[in-house]
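Since the structure comes first, as C-alpha cells, the remarks are kept for the end.
Computed from the coordinates by the stated procedures, all read-outs in this text should not be read as laboratory data. Given the structure is predicted, the values throughout are model-derived calculations rather than measurements. Here Cβ is always computed from backbone atoms with ideal geometry, including for glycine, and neighbour counts include all displayed protein chains.
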Amino acid sequence: ASNTGITDKIVLVGFMGTGKSTVSRLLAEQLGWRRIDSDEEIVRVTGKAIKDLFAEGGEAHFRSIETDTLRNILQSDAPAVVATGGGAVLREENRSAMLAHALVVALKADEAHIVERVSSDSSRPLLQGDTAANVRRLLEERRTAYDFAPLIIDTTGLTPEAVCKIIVEQR
Ligand code: S3P
C-alpha cells in the first residue's frame, strides 16, 4: 500500500541466486514492459565484466558504478522490470531511490537453494573460492539487508511463474 501510485516500475532485490533474473524476465514478458538488469547494464556501459571491475578497483569501485547505473535506470521514463545485483541494497542511497521510483520486491530463498543455484556460475567475484562458505558468510552479513522492501516473497517451493503471479496481484 505504501507504493500506491508507483505502478510502472518494479525492482527486484535479493541475494545472489534467489531468482531475480528469471522472475524479471517472466514478469516483463507478462506485463509487456522492458526488462533491465543492472549488472548487464553495467557491463554494457563500461564494456567490462563485473569480475574485472572488482579486480580493477575493488568492491567500492563497483558499488559506485552500480549506484550511478541504478540512478539512471530508475530515472528513465518507460515502464520497466528491473533486476538488481544482490549487493545493490547495501547503499542507503540506492534503497531510497528504489523506494521512490518503484515497487520494490525482495526475493528470499534458503541457503541450500542459493548454493545450488550459484554453484554452476563462476562469474561472481564475491563467491570465488569456497562458494558455500562465502554464501553463508554473506547471507549472515546481509541478514536484514532486503527487509526494507514493502513486498518480500519467500520463493521456497514456488515456481518462477507463481512468484510472478504474487507480484502481479500485489501491484
Ligand atoms: C553481487 C551480486 C551480483 C553482482 C556482483 C555483486 C553481490 O549480482 O552484482 O557480483 O554483492 O551480491 P547477482 O545478485 O545478480 O548475482
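Details
- For the chain, the relative contact order comes to 35 percent (Cα pairs under 8 Å, sequence separation of at least 6).
- Computed per residue of the chain from DSSP H runs no shorter than four, each worth -39500 (n - 2.57), the mean residue ellipticity at 222 nm is -16000 deg cm²/dmol.
- Applying both filters, DSSP loop and at most 12 other Cβ atoms within 10 Å, to the trypsin sites (Lys or Arg not before Pro) of the range 94-168 gives Arg143.
- Zone of Ser96's modelled label, taken as backbone nitrogen in the range 5-34 under 19 Å from a point 7 Å along Cα→Cβ: none
- Cα centroids of the range 138-156 and the range 52-109: 15 Å apart.
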